[in-house]
Amino acid sequence: MIRDGATLIENAVDVLIEMGLSPEPRLDLASIMIQKHLTQEQQQVMAALAMGPQSIDELLRQHACPVEALTVTLVSLEVQGLISSHAGRYQIC
């Protein structure tokens with residue numbers, strides 16, 4: 001297989017590198033919230049997204065706030081590089 005172009009995988013870091021992902025450790029959610037001085041609304045959204053990717057509808061069901069306010073929160077978190085949106089679902093970067 002090596003002759004056919006297979007890559008030797010010896011550990012989890014090799015898998016991450018082969019998949020194009022960074023093997024560097026990510027900050028935990030609490031550290032991010034402290035360092036970025038997030039608002040209460042931003043903290044709530046980050047805590048919800050820590051459970052996994054969610055659509056705006058799922059986030060609205062969890063938080064009793066107008067869609068406009070949630071949209072502003074999501075955009076501000078995206079601008080800060082803390083979350084991203086893929087296929088209509090938001091996730092922590």
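A compact table of results
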{"quantity": "Counted residues, the stretch 1-38 - those being open to solvent by 100 Å² or more (accessible area, probe 1.4 Å), at pLDDT below 70 and either among the polar types (S, T, N, Q) or closer than 20 Å to CYS93 by Cβ (or both)", "calculated": "5"}
{"quantity": "Cβ-Cβ under 6 Å pairs, at least 6 apart or on other chains, the stretch 52-70 side open to solvent by less than 50 Å² (accessible area, probe 1.4 Å), far side in a loop (DSSP other than H, G, I, E, B) and not aliphatic (A, V, I, L, M)", "calculated": "SER55/GLY88"}
{"quantity": "Within the stretch 64-93, tally of residues that are assigned to a helix (DSSP H, G or I) and hydroxyl-bearing (Ser, Thr, Tyr)", "calculated": "3"}
{"quantity": "Qualifying positions in the stretch 71-90 - open to solvent by less than 60 Å² (accessible area, probe 1.4 Å) and in contact (Cβ under 8 Å) with a residue 40 or more places away in the chain", "calculated": "LEU82, TYR90"}
{"quantity": "The stretch 39-63, subset among the polar types (S, T, N, Q) and not in a helix (DSSP H, G or I), residue farthest from CYS93 (Cα to Cα)", "calculated": "THR39"}
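The values are calculated or read from the model by the stated rules, or taken from the named source; none is laboratory data. Here the structure is a predicted model, which means the values were calculated and not measured. Glycine gets a Cβ as well: all are built from the backbone with ideal geometry, and neighbour counts include every protein chain shown. Heavy atoms of the whole protein, side chains included, go into the accessibility calculation; ligands, DNA and RNA do not. Shrake-Rupley method; radii C 1.70, N 1.55, O 1.52, S 1.80 Å.
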